[in-house]
Amino acid sequence: MNIGITCYPVYGGSGVVATELGKALAKRGHRVHFISYSMPFRLGHVAENISFHEVTVNTYPLFEYPPYSLALTSKMVDVVQHEALDLLHMHYALPHATSALLARQILKTQGERVPIVTTLHGTDITLVGQDPSFRPVVNYSINQSDGVTAVSEYLRQETQEHFDIGCDMEMIPNFIDTDRFRRSQKDHFKQALCPDGEKVLVHVSNFREAKRAPEVVDVFSKLRAEGFDLKLLLVGDGPDRVPTERLARERGVYDDVRFLGKQEPVEEILAIADVFVMPSGSETFGLAALEAMACGVPVVASNIGGLPELVVDGETGYLCPLGDVDAFAERAARLLGSEEHQSEMAAAARRRAVEVFDIDKVVPRYEDYYERVRSELMAEA
Ligand code: GMT
């Protein structure tokens, strides 16, 4: 199949998922065309079967807000026509699905019909999409897409609850390359960061408010106060990084906390982790937690959103009430305090990642869905 993919190229889990999906589809023999304002950061270099079509928006004195979504539509029309695309797959409803719908209308006037699949990821439904300034557009874009998928059952239900949905939605979970994300020996790294064999707590996020990163420092401080020899590695960057640093100083644990910033080979850091902490207040799926699980790291997470679909409480990690720092510290202590318990949960976490979320199991579900959407359209025509 010849597939166009649009996503946010530089930030967020939706861009990561879209890019990894495109790469996997290309490996499986499809031709994949990324259409966006810059090269998706996870793409690396353009490989066989993959092309990148850059959307440029010309400025003009009248345009206080240059209309990116319209330039995106024009580029989609161009790529569909010149590359003979069979389907457009939009990641994140705003504005991608809306731009694609307009492209579909324009192409229709020229006798062409391109199916549009929209994948809902998170804040396009739970936050931004519910803002009155966007809600009618998101509602319309979901209902008018030829196919709609959501990355968790939770997100599917949230969409149904908060929008007027008159179409079916398919749940296709996010996935992980379990060959890349696996436990590997990183003894030098471990030795450099933990010279006295300390255990390692890890948190990976974009340090936005919803991630509640300062709570990770509180959990860490409690564990230190209980006598655990421990280091904390914080990966990523964002608005809450400075407050998190400040809190680490206030709690007197700053010397044992490493702020590593944005790191691409995150699996190398996860290779030395003992427990992954995710105290998020909002998470439709929690891709970072899946990356940890694939690397055999038990996850202690908030019992919210799509996280219970990922973390099996008491088996692959623990789920705690939102904001309950004591509960987070107590569950982490259970793991850190027993090698046997930790390694059982680590193995169960890896097993769940492989059995349920492996890329080779999930990507065919997208292929099947594309086929279904296309054949339904053909049947209608
Ligand atoms: O809002 C974000 O943090 C970014 C957002 C995105 O769409 O780029 O992430 C969402 O999508 C990810 C990939 O499907 C999920 O793993 C995240 O849980 C989800 N984030 C939230 O729901 C806050």
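Assorted remarks:
- V46 away from the ligand (no atom under 16 Å from the Cβ), surrounded by fewer than 23 Cβ atoms within 10 Å (Cβ to Cβ) and of a type in the set (V, I, T): yes
- The residues of the stretch 132-156 that are surrounded by fewer than 24 Cβ atoms within 10 Å (Cβ to Cβ) and either under 16 Å from the mean Cα position of the chain (by Cα) or within 18 Å of S69 (Cα to Cα) (or both), listed by number, are S133, F134, R135, P136, V137, N139, Y140, Q144, T149, E153, Y154, R156.
- Members of the stretch 218-235 that are in a helix (DSSP H, G or I) and of a type in the set (A, V, I, L, M, F, W, C): V219, F220, L223, A225
- Top-ranked residue of the stretch 187-210 - restricted to ones that are within 16 Å of the ligand (Cβ to nearest atom) and of a type outside the set (F, W, Y), ranked as nearest to R334 (Cα to Cα): H203
- Pair list, Cβ < 9 Å and 6+ apart or interchain, from the stretch 12-26 residues that are β-branched (V, I, T) to residues that are near the ligand (Cβ under 6 Å from one of its atoms): V16/N174; V16/L287; V17/H121; V17/V151; V17/N174; V17/F285; V17/L287
- Considering V253, V277, the condition of being touching a residue at least 40 places away in the same chain (Cβ under 8 Å) and among the aliphatic types (A, V, I, L, M) is satisfied by V277 alone.
- Odd one out for V311 among (1) touching a residue at least 40 places away in the same chain (Cβ under 8 Å); (2) buried (at least 23 other Cβ atoms within 10 Å of the Cβ); (3) within 14 Å of the ligand (Cβ to nearest atom): (1)
- The listed residue being within 16 Å of the ligand (Cβ to nearest atom) and surrounded by 14 or more Cβ atoms within 10 Å (Cβ to Cβ), out of A93, A71, A100: A93
- Residue within the stretch 343-363 that is in contact with a strand residue (DSSP E or B) (Cβ under 8 Å, 6 or more places away or on another chain), closer than 17 Å to F220 by Cα and not hydrophobic (A, V, I, L, M, F, W, C) present: no
- Checked against (1) touching a residue at least 40 places away in the same chain (Cβ under 8 Å); (2) assigned to a helix (DSSP H, G or I), R246 passes all but condition (1).
- Residue within the stretch 367-377 that is in a helix (DSSP H, G or I) and within 26 Å of K211 (Cβ to Cβ) present: no
- Test: residue in the stretch 329-341 that is crowded, with 23+ Cβ neighbours inside 10 Å, within 18 Å of the chain's Cα centre (by Cα) and of a type outside the set (F, W, Y): no
- Counting the residues of the stretch 1-27 that are within 10 Å of the ligand (Cβ to nearest atom), outside any loop (DSSP other than H, G, I, E, B) and not polar (S, T, N, Q) gives 6.
- Residue within the stretch 362-380 that is of a type in the set (K, R) and either assigned by TED's automatic domain parsing to the domain that holds L232 or buried (at least 24 other Cβ atoms within 10 Å of the Cβ) (or both) present: no
- Condition check for G281 on (1) part of a loop (DSSP other than H, G, I, E, B); (2) surrounded by 23 or more Cβ atoms within 10 Å (Cβ to Cβ); (3) on the phi < 0 side of the Ramachandran plot: one failure, at (2).
The values are calculated or read from the model by the stated rules, or taken from the named source; none is laboratory data. No experiment lies behind these values; they were computed from the predicted model shown. Every residue, glycine as well, gets a Cβ built from its backbone with ideal geometry; the counts of neighbours run over all protein chains shown.
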